[in-house]
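Structure, as structure tokens:
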Ligand code: GTP
């Protein structure tokens, strides 16, 4: 049988996800109407022989308590637990720390997934690929545009065998447009390699300095400390996918992740999405509207829109490329484009909240050498008065906007 580990990080990490992460940890932020991490669980629930999922991070235990209850009823055949690191242990330190839990019951292999991605998760295909070689790890890879590649872990693979020949995390110069997606399938024998990696780190410490062996030395990085040596000893393989893949780093990148999952559901699970109906609003493309939301029939919604519980959308409203979070109210004839609208926010009538379309893989647009915000984000409980225009702004929670703003961070 198989297990899976989802790495969720902790509260100090998601700074680029502000202001949204001020009110909800990134793993629980809703995209396409469900928390980021539940899309991972949905994919894992389709893997035969996989019954146990360990969510590892350094958030307080209570952060995931309610989510775990909900997940238990949504995925009854998965046993899902949260394991807390006593401090940030890096992307492999937690795996090593909890190795007894992972190895309990003698799983054959285990998946490791970064939480901050949106992906079609071709897990069964990875398992097939893993059977065909003698390495310890199959990693999911994808091609990205050449000029963006150095933002990621880059790899060079033998195209015939898929053996990874080089692995470099965020290289300074171009080495490859094939990158790591943050999804791995490991043999349990990899724990021996982790032990070696930890010993190597200890040796370096002893040789180079008089530092005491402190708790922070339990940190281990999956990419640099483990995958790189695995590739050097030819034990690392890649499965390349052409299906959509996105990172969820900045708050604005949630819009692209939303599109990835909505489009996937339009193909695989269309019943979950909102259908056009004679008395309902005009729906364009893939749209998710929570059953408790009220949307006026004269509104026009989509494509790429998720509308959360208890949202109220007034007459003649236009919404496109947007996530509208719980209990938001949008007044008559307002327009919301390329934006995330935070919980309980109130948008007046004839108002406009607007960002710019997102570029590929969410690389921030540069304007005169200055990073310009492409998606407009309103934090929790923001009020936008009638007839104002908010364009390319980040608005912190509880602000009341009485006039129009353009390209500003409103604190
Ligand atoms: P950058 O943030 O640009 O460095 O990108 P990255 O893709 O290299 O991200 P990083 O390696 O920081 O995180 C990858 C995944 O691991 C994310 O899902 C994080 O939440 C998670 N993660 C990062 N650090 C830790 C950690 O110390 N413990 C745990 N459990 N998870 C972590």
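The values are calculated or read from the model by the stated rules, or taken from the named source; none is laboratory data. What you see is a predicted model, and the numbers here were worked out from it, not measured in a lab. In this analysis, Cβ positions are derived from the backbone assuming ideal geometry, glycine residues included, and neighbour counts consider all displayed protein chains.
Within the range 236-251, is there a residue that is modelled with pLDDT of 95 or more, assigned to a helix (DSSP H, G or I) and in contact with a helix residue (DSSP H, G or I) (Cβ under 7 Å, 6 or more places away or on another chain)? No; the residues of the range 236-251 include none that is modelled with pLDDT of 95 or more, assigned to a helix (DSSP H, G or I) and in contact with a helix residue (DSSP H, G or I) (Cβ under 7 Å, 6 or more places away or on another chain).
Quick check: anything in the range 267-288 crowded, with 22+ Cβ neighbours inside 10 Å and touching a residue at least 60 places away in the same chain (Cβ under 8 Å)? Yes.
Quick test for you: out of 53, 47, 24, pick the one residue that is more than 16 Å from the ligand (Cβ to nearest atom) and not in a helix (DSSP H, G or I). Walk me through how you get there before you give the answer.
Numbers: 53 fails: more than 16 Å from the ligand (Cβ to nearest atom); 24 fails: more than 16 Å from the ligand (Cβ to nearest atom).
Only one candidate qualifies: 47.
Across the range 95-111, a minimum of one residue is classified as closer than 30 Å to residue 22 by Cβ, modelled with pLDDT of 95 or more and not in a helix (DSSP H, G or I). Mind listing whichever residues of the range 27-44 are within 15 Å of the ligand (Cβ to nearest atom) and part of a loop (DSSP other than H, G, I, E, B)? Hit for the range 27-44 is 29, nothing else. Annotation: of all residues in the range 170-184 being within 16 Å of the ligand (Cβ to nearest atom) and surrounded by 15 or more Cβ atoms within 10 Å (Cβ to Cβ), the one that is nearest to residue 130 (Cα to Cα) is 184.
Among the residues of the range 65-86, the one identified as part of a loop (DSSP other than H, G, I, E, B), touching a helix residue (DSSP H, G or I) at 6+ places or on another chain (Cβ under 7 Å) and either within 9 Å of the ligand (Cβ to nearest atom) or without any contact (Cβ under 8 Å) to a residue 24 or more places away in the chain (or both) is 85. Taking the range 96-111 as the range and being out of contact with any helix residue (DSSP H, G or I) (no Cβ under 7 Å at 6 or more places or on another chain) and within 11 Å of the ligand (Cβ to nearest atom) as the test, only 98 passes. When the range 378-394 is filtered for residues that are closer than 16 Å to residue 16 by Cα, outside any loop (DSSP other than H, G, I, E, B) and at pLDDT 95 or above, only 378 remains.
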